[in-house]
Amino acid sequence: MKISCGISQTGNLQDTLNAIQDPKLIIFVTTEEKLASHAEELYHLYPNIPTIGCIGMGYQNTTITEHGIHVYSFSDGIEAVGNVIEQVSIMPVKLVRKNITLFVLIFVVVMMKLLSQP
């Protein structure tokens, strides 16, 4: 699996796109104000690629991005599918299937790998 990371301290998504090459999965971390616009823009650029976005600070090596965006692109030897968890505000345990639990576990392992890279 190949993982690439694009970072913009200013939150400009276009500045991060050079890192994305033939993605199978995209995960991005951005600000609350830009989450919707970044998600929409990535959807239009990569309409058939599962994309996960969240609000928070990005960490990569020694770089901490508090008001920008980190985009992680996964390729080579990975397959990904996406879906939507509905009614998140009520913690819909009954709606969560084993596949989602497995995905969360994989996501945690991948993020730990990213954070431990020198």
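The values are calculated or read from the model by the stated rules, or taken from the named source; none is laboratory data. Keep in mind that this is a model prediction, so the values were computed, not measured. FYI the Cβ positions are ideal-geometry reconstructions off the backbone, even for glycines, and counts take in every protein chain you see.
For residue 64, state whether it is at pLDDT below 90 and closer than 14 Å to residue 6 by Cα. Criteria met by residue 64. Remark: pairs (first residue in segment 1-12, in contact (Cβ under 8 Å) with a residue 40 or more places away in the chain; second residue of a type in the set (A, V, I, L, M) and assigned to a strand (DSSP E or B); Cβ separation under 6 Å; 6+ apart in sequence or on different chains) = 6/71; 8/69; 11/69.
Given the condition part of a strand (DSSP E or B), touching a residue at least 12 places away in the same chain (Cβ under 8 Å) and surrounded by 16 or more Cβ atoms within 10 Å (Cβ to Cβ), answer yes or no: does some residue in segment 35-50 qualify? No, segment 35-50 contains no residue that is part of a strand (DSSP E or B), touching a residue at least 12 places away in the same chain (Cβ under 8 Å) and surrounded by 16 or more Cβ atoms within 10 Å (Cβ to Cβ).
Note on segment 47-70: among residues that are of a type outside the set (S, T, N, Q) and over 13 Å from the mean Cα position of the chain (by Cα), the one that is nearest to residue 25 (Cα to Cα) is 47.
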